[in-house]
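Chemist: Provided herewith is a single structure, encoded as structure tokens, for subsequent inquiry.
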Amino acid sequence: MPRRFADLKHNVFARHSNPWSAWTRWLSTPLVLVPLWTRRWSHAAIVGAWMAANPVIFPRPADEHAWSTRVVLGEELWITERPCDTAMAVNAAATLAGITALIAARRRRAAPAAGATAVMMALLLVYWRLMARYYNQQLRANTGRTPNTSRPAPRHPPEPVNRASTRPGP
């Protein structure tokens, strides 16, 4: 069962690494506030269906050249290893901004909701930059190459680097 879940997760990330998927999902972030603002279950169903479908409706990208492709592939690796690093702090801050936006939307406070959403989306772009860097580092450490448009996207991203084995001995 765990292997099936890992394969499913990888397939979702592979399709979500399509730039159209990544960018449309990022641009859709404010839609999450609509159901709380309107208090309508139908809006929640529509937004929820879009957010659930978005990562899988686009095909796998042809290569890893696009920055957003490397972002999503890096996030897949990062989630597997989950290092306590700057990305985790940025992700936590973006989550806090998102919660603030949701509360403001529920209270129908437009300016705070919009401001918190803008902060969250900006922090997500910082997080994305860190994920692209993480992917490039993992790729370089495991294959000795950097992303290149002449090579197809890997079927499975490189394995995370074992930090313990790269540290010098006592």
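Chemist: So how strong a dipole does the range 1-57 carry about its Cα centre when Lys and Arg Cβ are +1 and Asp and Glu Cβ are -1, to the nearest 20 debye?
Modeler: Charge dipole, the range 1-57, about its Cα centre: 120 debye, nearest 20.
Chemist: With all pairs of different alpha carbon atoms counted, what Kirkwood hydrodynamic radius in Å does the range 69-121 show?
Modeler: Averaging 1/r across every pair of different Cα atoms and inverting gives 12.2 Å.
Chemist: Sticking with this one: Among 66-78, 96-108, what's the highest-first ranking by average C-beta atoms within 10 angstrom per residue? Walk me through the numbers on the way to the answer.
Modeler: Numbers: 66-78: 23.1, 96-108: 17.2.
Peptide ranking by packing, descending: 66-78, 96-108.
Chemist: Mind listing the phi-derived Karplus ³J(HN,Hα) values for the range 100-105, rounded to whole Hz, using 6.51, -1.76 and 1.60 with θ = phi - 60°, and x for any glycine or proline?
Modeler: Using θ = phi - 60°, the values come out as 4, 5, 5, 5, 5, 5 Hz.
Chemist: Also: How much space per residue, in cubic angstrom, does the convex hull of the C-alpha atoms of the range 1-146 take up?
Modeler: Taking only Cα atoms, the range 1-146 has a hull volume of 121 Å³ per residue.
Chemist: On to the next question. Mind listing the long-range amide H neighbours of residue 63? Cut-off is under 5 Å, sequence gap 5 or more, other chains count too, H placed in the peptide plane at 1.01 Å from N.
Modeler: Correct list: 153.
Chemist: Additional query: Report the gain in length on full extension from residue 45 to residue 99: 0.36 nm times residue separation, minus Cα-Cα distance, nm rounded to one decimal.
Modeler: Separation in residues times 0.36 nm, less the Cα-Cα distance, equals 17.5 nm.
Chemist: Let me ask something additional. With +1 assigned to the C-beta of every Lys and Arg and -1 to the C-beta of every Asp and Glu, and no other charges, what is the dipole magnitude of the range 1-104 about the Cα centre in debye, to the nearest 20? Don't skip to the answer; put the middle values down first.
Modeler: Details: 10 positive and 7 negative charges, 87 e Å.
Dipole size: approximately 420 debye.
Chemist: Go through the range 32-47 residue by residue and turn each phi into a ³J(HN,Hα) via Karplus (6.51, -1.76, 1.60, θ = phi - 60°); whole Hz please, and just put x for glycine and proline.
Modeler: Per-residue couplings from phi come out as 4, 7, 4, x, 6, 5, 7, 6, 10, 4, 4, 5, 4, 5, 5, 5 Hz.
Chemist: Summing +1 for each Lys or Arg and -1 for each Asp or Glu, what net charge is found among the other residues whose Cβ lies under 11 Å from the Cβ of residue 22?
Modeler: Values: positive: 15, 25, 70; negative: 75.
Spelling it out: positives minus negatives among the neighbours equals +2.
Chemist: Mind checking which of 16, 50, 33 is farthest towards the positive end of the range 1-140's charge dipole, using Cβ charges of +1 (Lys, Arg) and -1 (Asp, Glu) about the Cα centre?
Modeler: 33
Chemist: A further question follows. What does a probe at residue 86 reach in the range 108-135, counting residues whose amide N is under 12 Å from the point 7 Å along Cα→Cβ?
Modeler: Under 12 Å, as judged by backbone N against the label point of residue 86, lie 126-134 of the range 108-135.
Chemist: What ³J(HN,Hα) values, in whole Hz, does the Karplus curve 6.51 cos²θ - 1.76 cosθ + 1.60 give for the range 55-65 when θ = phi - 60°, with x put for Gly and Pro?
Modeler: So the Karplus estimates, Gly and Pro as x, are x, 10, 7, 9, x, 4, x, 6, 8, 9, 5 Hz.
None of the figures in this text is laboratory data; all of them are computed from the coordinates on show. Just so it is clear, the structure is predicted and the values come from calculations on it, not from any experiment. Reconstructed Cβ throughout: ideal geometry from the backbone, glycine too, with neighbour counts over all protein chains shown.
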